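Below is one structure; the comments refer to it alone.
The values are calculated or read from the model by the stated rules, or taken from the named source; none is laboratory data. None of the values given here were measured: they were computed from a predicted structure. Reconstructed Cβ throughout: ideal geometry from the backbone, glycine too, with neighbour counts over all protein chains shown.
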Amino acid sequence: MIPSNKIVHRKADGRLIRGTWRPAFIRNGGTHFLTELYVYADGIVDAWGLLTLAEFERKLASGWVATSLPEGGRASAHHLAAWRFQEPQTWYTPELLLAEVRDTIDELNGRPDSTGRCRALIDVFMADRTEANRLAVRAAYLAIPETTRRYALGDMDLKDQPLRVLAAGVGGRDEEIDETVTREDYEEAIGYFAAIGRWGPAPAGERTAGKGTAGRFSSVHIPHSYPQGSDDPGKEALRITYPASFDYEGTTYPTVAHAFLALSTTDPAIRAAAAAADTPGRAKRLTADAPRPVDWDRTRPAVMARLLDAKFAQHPALAAILLATGDETILYDEYDDTDFWGDNGGRGRNWLGRLLELTRASLPAAPAPSAPEDRTK
């Protein structure tokens with residue numbers, strides 16, 4: 001849970017991104033500096049520099065963001081104090097800290113965090129008490145960071161004892177108390193979850209995004225999919241692989257993906273073949289090893305932006321779908337890349353989401369509905 005007195009904001013692309021901070025050690029030049037680690041709703045972590053989650057994970061693995069403190073190691077709180085560690089005790093591993101940061105990002109967005117996902121699976125199990133559903137609860141419970149795994153139920157008296165019993169199952173081990181779960185223990189746990197009013201208030205991570213929380217990072221999620229043409233495509237229309245042919249610089253392309261891949265090479269024959277490919281996947285394979293334009297890595301976002309502008313300018317119905325997202329942040333999943341184009345659960349840089357927002361800002365607003373005719377005259 002994020003303490004209310006730790007809420008911060010970062011300004012990006014003209015909007016305020018909600019965040020929070022936590023203490024951490026950053027190891028630099030042989031000294032461990034006690035500092036603030038800022039975590040933001042858009043998946044960016046500030047650890048003496050803005051990082052995507054993938055970059056933050058690498059910083060953890062390298063020890064730059066330190067989770068282990070060496071005996072006799074130098075430490076500093078900048079100009080406040082300096083000391084050396086003596087018998088240091090730490091509770092974190094890189095994996096545990098990363099898991100907590102992921103939960104924080106979910107909570108900032110009002111999405112279910114690991115605790116919320118586990119609680120939801122308990123409901124599934126109680127509605128259909130199969131072994132498969134119980135094992136799903138167990139996996140979800142073990143996915144909760146160890147530092148918060150004692151309070152998933154929000155019960156300060158029993159803590160997570162009924163959930164541990166359910167996760168272990170009859171004959172399994174309750175590792176917290178190192179005892180085997182009996183049938184009586186198991187039925188008592190089932191009774192706990194069946195009892196009315198025993199759940200208590202839902203953790204913050206179970207609240208639904210966009211329900212009026214001031215400063216909440218509100219977003220539209222464009223999940224990874226394989227779009228098919230449809231009279232009512234919904235959010236699929238925003239994907240670059242959605243079949244909506246358009247003209248760009250004298251060539252007609254079936255999708256934005258076709259156009260982008262064709263323009264990613266300087267070879268005229270490969271460019272033509274990519275433009276005519278039967279699927280975006282085929283176009284990608286054709287251009288995988290093709291020669292690139294000079295500075296392609298630097299200029300490719302601008303190329304994508306022009307292609308998106310062309311698509312939505314030539315398809316008013318699809319532009320209306322984009323405009324209907326309002327001023328919400330667009331999170332675009334694109335797993336078949338290097339986390340450049342997609343948000344991918346907060347691990348990527350979400351360039352496609354950002355560019356869709358820019359395209360949206362350039363579109364003419366939908367005309368206001370006409371006033372009804374005054375028949376009293």
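Among the residues of the range 13-33, just one is within 18 Å of G43 (Cα to Cα), small (G, A, S) and either out of contact with any strand residue (DSSP E or B) (no Cβ under 6 Å at 6 or more places or on another chain) or not in a strand (DSSP E or B) (or both), namely G14.
Considered as a group, the residues in the range 338-358 that are more than 13 Å from the chain's Cα centre (by Cα) and either more than 19 Å from K235 (Cβ to Cβ) or assigned by TED's automatic domain parsing to the domain that holds L98 (or both) include one that is modelled with the highest pLDDT, and that residue is F340. Take the residues of the range 50-71 that are under 16 Å from I17 (Cβ atoms) and not aromatic (F, W, Y): which is surrounded by the fewest Cβ atoms within 10 Å (Cβ to Cβ)? That would be L50. The set of residues from the range 7-35 being of a type in the set (K, R) and under 30 Å from W351 (Cα atoms) comprises R10, K11, R15, R18, R22. Of the helices (runs of 4 or more DSSP H) that lie entirely inside the range 48-141, those containing 3 or more residues that are over 30 Å from G191 (Cβ atoms) and not charged (D, E, K, R) span 53-62, 94-108.
Test of understanding: among G215, G205, G210, which residue is part of a helix (DSSP H, G or I), within 30 Å of N350 (Cα to Cα) and modelled with pLDDT under 80?
Values: G215 fails: part of a helix (DSSP H, G or I); G210 fails: part of a helix (DSSP H, G or I).
None of the others qualify; the one that does is G205.
Scanning the range 288-305 for residues that are among the charged types (D, E, K, R) and surrounded by 11 or more Cβ atoms within 10 Å (Cβ to Cβ) gives R292, R300.
Can you pull out the residues in the range 7-34 that are charged (D, E, K, R) and surrounded by fewer than 13 Cβ atoms within 10 Å (Cβ to Cβ)? Within the range 7-34, K11, D13 qualify.
Here's the yes/no breakdown for (1) among the acidic types (D, E); (2) assigned by TED's automatic domain parsing to the domain that holds V8; (3) on the phi > 0 side of the Ramachandran plot:
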{"position": "T90", "(1), (2), (3)": "no, yes, no"}
{"position": "V124", "(1), (2), (3)": "no, no, no"}
{"position": "D128", "(1), (2), (3)": "yes, no, no"}
{"position": "N133", "(1), (2), (3)": "no, no, no"}
{"position": "A136", "(1), (2), (3)": "no, no, no"}
{"position": "Y151", "(1), (2), (3)": "no, no, no"}
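Close contacts from the range 239-251, counting a first residue that is in the same structural domain as L307 (by TED's automatic domain parsing) and a second that is of a type in the set (S, T, N, Q) and in a loop (DSSP other than H, G, I, E, B), with Cβ to Cβ under 6 Å and a gap of 6+ residues or different chains, come to T241/T255; P243/T255.
Among residues of the range 161-176 being in a loop (DSSP other than H, G, I, E, B) and touching a residue at least 12 places away in the same chain (Cβ under 8 Å), the one that is surrounded by the most Cβ atoms within 10 Å (Cβ to Cβ) is G169. Selection of the range 34-47 for residues being part of a strand (DSSP E or B) and of a type in the set (D, E) yields E36, D46.
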